[in-house]
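Student: So that we are looking at the same thing, I have put the structure below in structure tokens.
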Amino acid sequence: MLKDTQAQSVFQWSMLILAFVMGGIVTIFGTYIMSSNRGEFDPFFYKYFSITVVIMTISLFIILKSIFDTRREISADGTERIRMNSPKYMRMLGMSIFGVYLIHALVLEILRDGFLGFSIDHTSAFGIEMSPGIGIPVFAMSIFALSVMVVIIIRQIPILKELIA
């Protein structure tokens with residue numbers, strides 16, 4: 001199973017990194033080619049279940065799981081627990097990821113539509129025009145950072161904490 005998989009050899013690490021990088025390259029060039037042929041942005045390779053996104057997600061999951069040495073342990077009395085060798089802030093971030101997933105679409109809409117008095121999208125931020133090569137990473141990191149902040153705030157409210165804990 002995927003949850004029990006970790007990279008242990010140089011070959012496995014190389015294959016995981018290659019899969020992630022190749023998935024990204026195919027996504028970028030595939031999107032460019034399909035968008036050029038269509039005359040407008042074609043999101044085919046960006047969809048959650050496109051083969052390139054699935055390959056990148058699985059490889060990144062195993063890479064991060066291997067880096068932080070997360071593994072399942074069963075004690076003598078039969079209880080199961082997850083053991084993580086990672087810094088406290090990474091464990092806290094990891095426990096917030098489900099909440100980030102739940103809220104990121106709302107944050108994306110808020111940033112893109114300018115509900116906070118400014119807008120950020122894949123070609124501009126705070127009224128500054130930029131190329132998609134810079135704009136897409138800025139947009140993605142802004143969505144992630146704001147989503148994490150919202151989840152951290154929600155986790156401080158006892159009634160709401162149970163929804164995303």
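The values are calculated or read from the model by the stated rules, or taken from the named source; none is laboratory data. Keep in mind it's a predicted model, so treat the numbers as computed, not measured. Note: areas computed on protein heavy atoms with side chains; ligands, DNA, RNA excluded. Shrake-Rupley method; radii C 1.70, N 1.55, O 1.52, S 1.80 Å.
Student: Among SER119, SER36, SER96, which one shows the highest mean-square fluctuation when the chain is modelled as a Gaussian network with alpha-carbon springs under 10 Å?
Tutor: Among SER119, SER36, SER96, the largest GNM mean-square fluctuation belongs to SER36.
Student: Separate question: Determine the calculated [θ] at 222 nm for the chain from helices alone, applying -39500 (n - 2.57) to every DSSP H run no shorter than 4 residues and normalising by the residue count; nearest 500 deg cm²/dmol.
Tutor: -21500 deg cm²/dmol
Student: Please compute the per residue accessible area over region 2-41 with all protein chains in place, 1.4 Å probe, rounded to a whole number of Å².
Tutor: 74 Å²
Student: Pop out the ³J(HN,Hα) list for region 115-125 in order, Karplus 6.51 cos²θ - 1.76 cosθ + 1.60 with θ = phi - 60°, rounded to Hz; leave Gly and Pro as x.
Tutor: Each residue of region 115-125 in turn: 5, 9, x, 8, 10, 9, 9, 6, 10, 7, 8 Hz.
Student: Hey, any idea what % of the chain's accessible area is carbon plus sulfur with a 1.4 Å probe?
Tutor: Carbon-and-sulfur percentage of accessible area, whole number: 71.
Student: Only helices at least 30 Å long along their axis, Cα-based, and averaging 1.0 or more on Kyte-Doolittle count here, so list those DSSP H runs from the chain. It would help to have the intermediate numbers written out before the result.
Tutor: Values: long enough: 10-38 (41 Å, 1.22); 88-113 (35 Å, 0.92); 132-155 (34 Å, 2.10).
The answer, listed by residue number, is 10-38, 132-155.
Student: Here are several values of log10 I(q)/I(0) by the Debye sum over Cα atoms at q = 0.13, 0.16, 0.20 Å⁻¹: (i) -0.86, -1.18, -1.39; (ii) -0.66, -0.89, -1.19; (iii) -0.61, -0.93, -1.43. Which one was derived from the coordinates shown?
Tutor: Computed from the coordinates, log10 I(q)/I(0) by the Debye sum over Cα atoms at q = 0.13, 0.16, 0.20 Å⁻¹ corresponds to (i).
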